[in-house]
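*Asks:* Sharing a structure here in structure tokens format.
The values are calculated or read from the model by the stated rules, or taken from the named source; none is laboratory data. Remember, predicted model here, so these are calculated numbers, not experimental data. A quick note on method: Cβ atoms are made from the backbone with ideal geometry, for glycine too, and the neighbour counts reach across all protein chains shown. The area values use the complete protein model at the heavy-atom level, side chains included, leaving out ligands, DNA and RNA. Shrake-Rupley method; radii C 1.70, N 1.55, O 1.52, S 1.80 Å.
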Amino acid sequence: MSASGGTKAIVAALAANLAIAVAKFVAFVFSGSSSMLAESVHSLADSGNQGLLLLGGKKAQREATPQHPFGYGRERYIYAFLVSIVLFSVGGMFAIYEGYEKIKDPHEIESWYWPVGVLVFAIIAETFSFRTAIKESNQLRGNLSWKQFVRRAKAPELPVVLLEDLGALVGLILALVGVSLALVTGDGVWDGIGTLCIGILLILIAIILAAETKSLLLGEAAGVDEVKKIEESLVDGTTVTGIIHMRTLHLGPEELLVAAKIAVRHDDTAAQVAAAIDAAEERIRAAVPIARVIYLEPDIYNEAAAAAGTDPVKPSGGPADAH
């Protein structure tokens, strides 16, 4: 997944959320609506989340060191996981607390035009932000469904922004419904109920994000297409006659480790095997450019051991969808 597309979507979401957070807080000050307060905190938390994603992308670009020989690509996963924690604690739990307090002690909304006007403005702004995230994601999604895209994406930024923007839009609609019912009925409890619904929504999205980024942090294999390309590139039919076993692991969204034991002929010289390994590495990198770290171990394929199950020939690059 391209980092540039994710950055564009993050910046668009950050600009929208900062403007919306200020507008919502002003509306809360003039109207006293708890939905507005919850939504302003939600937008402020989202702004902080986008800042975390940008920071993670920046830190991930650091060069490898002796202490971290595989680089810092997973920084992006760490900061995406922090986003889910912030969304859960700051956004979701605060909204639930505020909704509970408003239901327990409801009061009438004042200056109704402030919350209604700000919510309409926020819906428009979030729609543009969501549209940008969808446009950038479509360039990478291919034939995948949206659910598959979120679950299989190795770069966390676009799925995070997509889910945040979706949650923001639904939350704004819930806030608008809650405020409207409170105005029509004159009962501020509806405003509190809308705030509670916003909190529950944010917590659900935070749980989904945490589950997805946890899988990335643990380490995921390459997808089906990448594994197939690597397998086809490894075997040349002359010196490299087969793959005994193989493992792949994402060191970061755009960096893949490939480790494989390959079968070579018993009468090949060391020079022939070394040349074949160098050629195989070049073919892999040409087919899958993100395969940056490649370790190939030559071995003599033993048919008897393979038949007994101790020397398997079935390639294993790992599951395509590790979630």
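*Asks:* Using a Gaussian network model of the chain with C-alpha springs under 10 Å, which one of 73, 237, 219 is most mobile by mean-square fluctuation?
*Replies:* Looking only at 73, 237, 219, the largest GNM fluctuation is found for 237.
*Asks:* What is the helix-to-structure angle for 34-59, meaning the angle in degrees between its Cα long axis and the longest Cα principal axis of the chain, kept from 0 to 90 and rounded to the nearest 10?
*Replies:* The two axes meet at around 30 degrees.
*Asks:* Something else about it: Quick one: net charge of residue 205's neighbours, Cβ under 12 Å, K/R +1, D/E -1?
*Replies:* Surrounding charge for residue 205 is -4.
*Asks:* Starting from the Cα-Cα distance between residue 55 and residue 147, subtract it from 0.36 nm times their residue separation and give me the gain in nm to one decimal.
*Replies:* Net length gain for the segment: 30.5 nm.
*Asks:* Can you give me the long-range amide H partners of residue 73? Hydrogens built in the peptide plane at 1.01 Å from N, cutoff under 5 Å, separation of 5 or more residues or another chain.
*Replies:* Excluding prolines and chain starts, which carry no amide H, there are no hits.
*Asks:* Next question. Could you tell me the calculated FRET efficiency between residue 204 and residue 293, based on Cβ-Cβ distance and R0 = 30 angstrom, to the nearest 0.05?
*Replies:* 0.20
*Asks:* Continuing with this model, one more query. With +1 on each Lys and Arg Cβ and -1 on each Asp and Glu Cβ, how big is the dipole of the chain about its Cα centre, in debye rounded to the nearest 20?
*Replies:* Here the size comes out at about 240 debye.
*Asks:* Just list whichever of 154/228; 59/214; 147/214; 8/214; 228/261; 24/147 have alpha carbons separated by over 21 Å in the model shown.
*Replies:* Among 154/228; 59/214; 147/214; 8/214; 228/261; 24/147, the Cα-Cα distance tops 21 Å for 8/214; 24/147.
*Asks:* Follow-up. Fully extended, how many nm does the chain gain between residue 138 and residue 217 (0.36 nm per residue separation, minus their Cα-Cα distance)?
*Replies:* 26.0 nm
*Asks:* Here's a follow-up. What ranking do 275-283, 168-176 get when scored by the average of other Cβ atoms within 10 Å per residue, highest first?
*Replies:* The peptides rank, most packed first, as 168-176, 275-283.
*Asks:* Please compute the length gained on full extension between residue 120 and residue 279, using 0.36 nm multiplied by the number of residues separating them and subtracting their Cα-Cα distance.
*Replies:* The residue 120-residue 279 span can extend by a further 51.3 nm.
*Asks:* Then there is this: For a quick check, take a GNM of the chain with Cα springs below 10 Å and name the residue from 213, 132, 185 with the largest mean-square fluctuation.
*Replies:* 185
*Asks:* Let me ask something else. Of the heavy-atom accessible surface of the range 208-266 (probe 1.4 angstrom), what whole percent is carbon and sulfur?
*Replies:* 54
*Asks:* Modelling each spin label as a point 7 Å along the Cα-to-Cβ direction, I'd like the residue 108/residue 286 distance in nm, to one decimal.
*Replies:* 7.8
*Asks:* Please calculate how many Å² of accessible area the chain carries per residue, with a 1.4 Å probe and no DNA, RNA or ligand atoms counted.
*Replies:* For the chain, the per-residue accessible area is 47 Å².
*Asks:* Sticking with this one: Quick one: what are the phi-derived ³J(HN,Hα) couplings along the range 22-29, Karplus 6.51/-1.76/1.60 with θ = phi - 60°, whole Hz, x for glycine and proline?
*Replies:* 5, 4, 5, 5, 4, 5, 5, 4
*Asks:* Choose one of 252, 115, 61: the residue whose Cα lies farthest towards the positive end of the charge dipole of the chain (beta-carbon charges +1 Lys, Arg; -1 Asp, Glu; about the Cα centre).
*Replies:* 115
*Asks:* Would you mind telling me the antiparallel percentage of the DSSP bridges in the chain, rounded to 5?
*Replies:* Among the beta bridges of the chain, antiparallel pairing accounts for roughly 55 percent.
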